[in-house]
1. Pick out, from 273, 258, 324, the residue whose Cα sits farthest towards the positive end of the charge dipole of the stretch 243-332, with +1 on the Cβ of Lys and Arg and -1 on the Cβ of Asp and Glu.
2. In debye, nearest 20, what is the charge dipole magnitude of the chain about its Cα centre with +1 on Lys and Arg Cβ and -1 on Asp and Glu Cβ, if you could check?
3. Only bridges whose two residues both fall in the chain count here: according to DSSP, what percent of them are antiparallel, nearest 5?
4. Tell me which of 249, 299, 209 sits at the most positive position along the dipole axis of the stretch 199-337, charges placed on C-beta atoms (Lys, Arg +1; Asp, Glu -1).
5. Put 623, 483 in order of accessible area, largest first, 1.4 Å probe: what do you get?
6. Quickly rank 119-127, 252-260 as a protection proxy: mean count of other C-beta atoms within 10 Å, highest first.
7. Can you put 706, 190 in order of accessible area, largest first, using a 1.4 Å probe?
8. Can you compute 3J(HN,Hα) from phi for each residue in the stretch 483-494, using the Karplus curve 6.51 cos²θ - 1.76 cosθ + 1.60 with θ = phi - 60°, rounded to whole Hz and x for Gly and Pro?
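The values are calculated or read from the model by the stated rules, or taken from the named source; none is laboratory data. Computed from a predicted structure; not experimentally measured. So basically every Cβ, Gly included, is an ideal-geometry build from the backbone, and we count neighbours across all protein chains shown. Accessible surface is based on the protein model in full, side chains and every heavy atom, while ligands, DNA and RNA are left aside. Shrake-Rupley method; radii C 1.70, N 1.55, O 1.52, S 1.80 Å.
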Amino acid sequence: MAYLFLFSISLAAQKPAAVQVLGKVTSAENEPLEFATLMIKETGQGTTTNEKGEYSLTAASGKYTLVVRSLGYKTIEKPLTLTRTQRLNLVMETEANALDEVFILGKSPTQQVNESAFNVVAINAKAFHHTTLDLAHALNRISGARLRETGGVGSNTDFSLNGFSGRHVKFFLDGVPMEGFGSAFQINNIPVNLAERIEVYKGVVPVGFGADALGGAVNIVTGQKARTFVDASYSYGSFNTHKSYVNAGYTAKNGFTVQLNVFQNYSDNNYWIYTPVLDLENLVFSTDEKKVRRFHDTYHNETLIAKIGVVGKKFADRLLFGITLGKDRADIQNSNVQKVVFGEKYRNGQTIMPSLQYVKKNLFTKGLDLNITGNFNFGYSQNVDTASRQYNWYGQYVEKDRKGEANYSIAKYYNHNGSATATLSYRLNERHSFSYNTVTTTFDRTSKNEVAMAGSINATDTFPKITVKNVMGLSYKFDYSEHLNLSLFAKQYVQYVKGPKNVSTVTNGSKYELFSNTFSTTGYGAATTYLLKALQFKLSYEKTYRLPTAYELFGDEDLSRSNAVLKPENSDNFNLNISYNNLFGKRHAVYIDGGFMYRDIKDYIRRVVENMHNTASFENNGHVRNVGYNGEVRYSYGRLLTVGGNFTYQNLRNKEKYRSPGSTVISTSYNSRIPNVPYLYGNGDLALSFDRIGGKNNTLNIGYNILYVYRFPLRWETHGSYETKDMIPVQLSHDVSLTYVIQGGRYTVSAECRNVTDARLYDNFSLQKPGRSFSAKIRYFFSK
């Protein structure tokens, strides 16, 4: 017995002593990197940096390899010999064109999202700050995501995720709903430089967002760090396109802070297209397509976002008062059918939106955090159509005996939008945490249109258009271990709608009465994840509802008509995801991801183009089912090479068996694929990075991107002959880029070519997108 006791003492004496290594992780611009991950390769021990870039890691004395990763930065592998406590500061270089779905270690808030059961993709927006991309086109490179545009810069966009498009996918800016931000502040005109990272939730959305989403959510995260910096850029490109951006911030030692974002976009959008042309003498369209140039499609917007307040105070970790000012103008070149052309019609809008943000951590007690936001948009939109002319694509026109190229209007629509959010979260201990969230959004449209006429499609101008929505959520998270956690949640949905209802019994008739309704219901769900070394499994289910948006209910008073009687969508959602992320040796990294989704949706809302007025509206489609798959594979070799690709397939089918309730007649579209929705698409990318080109901290990056979309029908595939059906054709687009980073990112010069082969691209039927285009960008960045 004594021998065993002495032997155990001997072993204890031989056990290596614990040694600490600590320091700071920064970028080449000396900017602290928050949530960078550090891991000892041999033991798997890891940690993350705090908001100041600081870290601390403890391990037994010995020789190791320290692996350091951060979104958008080149991975560092550094030999480490631990004999005593030591300080080790690390500098990371930007990885241009990196678009990684990452596996993050540690106990940071980012880790809690990525290792939760929510199927989330974290995009490092900094990797795209050297490009001319807007937020929408950066998102277009994610598996399961698809961006559809009606034209060039400033055109209408429709973003889809795993088969759900438009308003099925909710957008947030730092957790605040973007529904009411106005036309001057949308994802296709916001420069990617505004974002620090972008979080894309594919399916179940955390309660903290208060979202009524079927298809997922996108959260744009801006720089929230208290620092002093300047980020300025300017680009020029084809079709006389100018884009400029300035982002600056200052934080004093006493916590006073000022933030400023200013950006603008301008384009003539005068690219060449192919389309039938109207003969103005006999009013007949040509039987063949003519090559013509767009001549009335100029777009510009200017936006300013200013915030002032304090950070790091006892009464508030963050208290900011802000104002967003913006305006835009867009010439309207054609209707929802390209051959119908306009020559003078346009729209413009204005955003005036004050805002408030208050954040307090450890309120009253440790682990209790409060986040409150609020904003109200006093802006307006205006449709101007006063010309007594009919144009064709040659720019020729004839005078008409009535005003208005489509519908005579000089209407101003005051779309007053408000949003208020409150999130209270409490972490009881390492295993149990709770969260409560409430989001209220309001919309009230009043119009001033001196020429509104009863019986026209503008006959709804005099009706009030009001909707108020509230979504409350409560969630519980159980962290069984670092490898397994479970989330349970419930949501309460309420919506009030007041607006015009079309009671006409005549086909395409317009007879409106005032309509109001209140809807209320409850949803629920659960999500879990399991981590097994380099593998992660995610499983989730949700009974969810999506409340119609103001745009779907009331249209835009121009090319989109109102339908205030739309019902909320409801769906049973099921998601399964498996991912693998591992590092082999010192240079080889592999990422593989696969996902399965199942959606069973009632009262599905879809956009329908009407032939009579060439306008569009939204309608409920009854019962729709979607079964889909997506996958991604990515490989990198050290700092030199990154290559990857993804694909998405979705089988969105009409499951409404009978023509109408109570009918025994089977619908001709039963079990047909939902029309006008892409169902097979994907993209790939390749990036090469060469260090020390022309200087120690200079890097040359070469990028390539390919996009593929399989053809899909405009209308029901079971109606008529498939061979003669209107189709959105196959798309295959190639983009290349060249970026030269100087002094570790302080100065950047880049050049891009999009649609290299000058292919005829269509996201929507007959609406052709720009051909081959070139652009160049210069950027300056400073931070301390």
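1. Going by the charge dipole, the pick is 258.
2. The calculation lands at about 1820 debye.
3. 95 percent
4. Toward the positive end, the furthest listed residue is 249.
5. Most to least solvent-accessible, the answer reads 483, 623.
6. Values: 119-127: 23.7, 252-260: 14.4.
My ranking of the peptides, most packed first, is 119-127, 252-260.
7. From most accessible down to least: 706, 190.
8. Taking θ as phi minus 60°, the curve returns 9, 9, 9, 9, 10, 10, 8, 9, 9, 10, 10, 9 Hz for the stretch 483-494.
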